[in-house]
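S.K.: Structure incoming, see below.
FYI, it's all coordinate maths here, none of it is from the lab. These figures come from a predicted structure and were not determined experimentally. Every residue, glycine among them, receives a Cβ derived from its backbone with ideal geometry; neighbour counts consider all protein chains shown.
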Amino acid sequence: MTNMLKIKEKQEPKRRRKMAELLQYFMLFLIVLMLALALFAVKTKDLLSAVIASGFISLVASIVYLYLQAPDVAMTEAAIGAGITTLIFVITVRKTKGKEK
């Protein structure tokens, strides 16, 4: 039985390194996603699409804050940035023409 414990103890650092590497790739993916959404929001002519892309940027930012162990900031960003602000902008764009000249 002690041999099994020794084997598990040797495998534990490998698992932690793999998990840390996986989390780094996930963070890199989120950053690239935020950049792509930001470029889309800037380049698109449709204002509603730009507002929705901005909301998704806020949602991804809240996931990043959660990963950085700031749950209070993550909840605030999700509620205010992705929720209320996006809703106000969508209502405003719908009441106006909705296309950039």
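S.K.: If R0 is 30 Å, what FRET efficiency do you get for L35 and L66 from their C-beta distance, rounded to 0.05? Don't skip to the answer; put the middle values down first.
M.R.: Values: r = 19 Å, r/R0 = 0.64.
It comes out at approximately 0.95.
S.K.: Here's another thing I want to ask about it. Sticking to Cα atoms, compute the Rg of the chain to one decimal and its Dmax as the biggest Cα-Cα distance, whole number, in Å.
M.R.: According to the Cα coordinates of the chain, Rg and Dmax are 20.5, 74 Å.
S.K.: Evaluate E = 1/(1 + (r/R0)^6) for R15 and T76, where r is the Cβ-Cβ distance and R0 equals 35 Å; express this FRET efficiency to the nearest 0.05.
M.R.: On the way: r = 33 Å, r/R0 = 0.95.
Computed FRET efficiency for R15 and T76: 0.55.
S.K.: Cα-based count: Lys pairs in the chain below 15 Å, eight or more positions apart or different chains?
M.R.: Final tally of qualifying lysine pairs is 7.
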